[in-house]
Amino acid sequence: MGLIIGILMFMGLVLIHELWHFIAAKKSGVKVLEFGIWIPPKICKLRTDKSGTEYTLNLIPLWWFVRLKWEDPKHEEDFNAKDSFIKANIFNKFLILIAWVTANFLAARVIFAFVFTAGTKPISMISENMFDTQIESYLMPTKSFLYNQWLISEEQKKEIENVPVKVFEIMSWWLWEQMGIQSWDIIKSINSVSINAWNIEQILKNNIWWNISLYYTRNWVSKQTQWLCESESCLLGIIFSYSGFSKEDLTNLDDDFIKFPFIKSAWIALKEIKAQSKLTFYALGNLWKNLVSFDKTKISWALNKLSWPVWAVKFGDMLLEAGWWKQFLAFAGLISLALALFNVLPIPALDWGRLLGVLIQWIGRLKAEKYFTIEWFINLFFFILLMWLGIYIILKDLVRFWGVKIPFIG
């Protein structure tokens, strides 16, 4: 049930993304040729409405999409028709392309405001040393932020600083499964270095291509194992009690640990969006820096950490399994915000990249037919590239999180 709810949550947020494109285009007088469920090749046409919009079901379960009249320059009649996107004024083009931003940001704010009004616990915590400046996030806070907001005492702060790595679940085919680690094991040390929730990832990075000696306890019995930490597999491969707020670790924290009056929650929701945006762009910047480093280990590490829809569904399923409905709802808000921030990137084929193309054509007063014909081929190239990347990430996540055996992937 948790898996089904997680899938419906993710698809619903993507639907919001495309639905606002659809509504904005309709209101702007631009004809919508197709509203597609998932990505082609097409399986069947479901129906056609009075305006001529086809509603289709497609094969690849990655996305929803809206195809406007103009997007194929080979169809000159549609490309230059009065109700095509290319003939719309600059205001309507702008409205159509940024409509989803408003929708996803608004959805995130509404969800955050509701969760903070109802009361919740953090989803996880972040390291104090990750940023040079304070990140004021309530859903993914630092220990110091919670302490400065009078949400935890000095004693609780010390407890959180020593959160043990208690394994909740093992990802299939990863290093930790091969080492024989099981759920509810507690990791004590790696190569004689004491381990906690804050340093385990860095310790693993420091030991790539080295044999690691792992000490852990199982049912209060100490155990030891050794394995080679290869760059392709030297990732955690485990889900553990990272936040220190699991019911097994700090039971003195209430389910409405973070709770505000409605008016204040609406303001806190905006601050949460700002904080999460900083976290997202930091992660993207760090990913890009590793990918262009020309360091094989860093590139491999970055690629192995890429996750998206399968991971989101899996993580949501875990929250529901733990009975954390409000955290699940907050996580849905994070996904909605992530969709908005991802599409803000100025990459061709993404909405913000297409918006930049519209502005370049309008400011430069370039002939629309020629400019958008060239842009169409650029968008097509990046669309195919992004689709292949999306499929690769999904296949990798299926291997990681569900143990699916896939040729050439794992």
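None of the figures in this text is laboratory data; all of them are computed from the coordinates on show. Only a predicted model underlies this, so the values are computations on that prediction, with no experimental measurement involved. Methodologically, a virtual Cβ is constructed for each residue, glycine included, from the backbone with ideal geometry; neighbour enumeration extends over all protein chains shown.
Values as computed for the structure displayed
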| read-out | value |
| --- | --- |
| Contour excess over end-to-end distance, with Cα ends at Gln134 and Leu359 and 0.36 nm allotted per residue | 77.5 nm |
| Kirkwood hydrodynamic radius (C-alpha pairs) into Stokes-Einstein, region 338-394, 25 °C and 0.890 mPa s, D in µm²/s | 203 µm²/s |
| Cross-link partners of Lys93 among lysines (Cα-Cα below 25 Å; sequence separation of 8 or more within a chain) | Lys26, Lys27, Lys31, Lys50, Lys69, Lys74, Lys82, Lys367, Lys370 |
| Linear extension gain, Phe260 paired with Ser189, 0.36 nm per residue minus alpha-carbon span | 21.6 nm |
| ³J(HN,Hα) computed for each position of region 184-190 - Karplus, 6.51 cos²θ - 1.76 cosθ + 1.60, integer Hz, glycine/proline x | 6, 5, 10, 7, 9, 7, 10 |
| At R0 = 35 Å, FRET efficiency that the Cβ-Cβ distance of Thr225 and Lys271 yields, to 0.05 | 0.20 |
| Theoretical FRET efficiency, 1/(1+(r/R0)^6), r = Cβ-Cβ of Leu287 and Tyr147, R0 30 Å, to 0.05 | 0.50 |
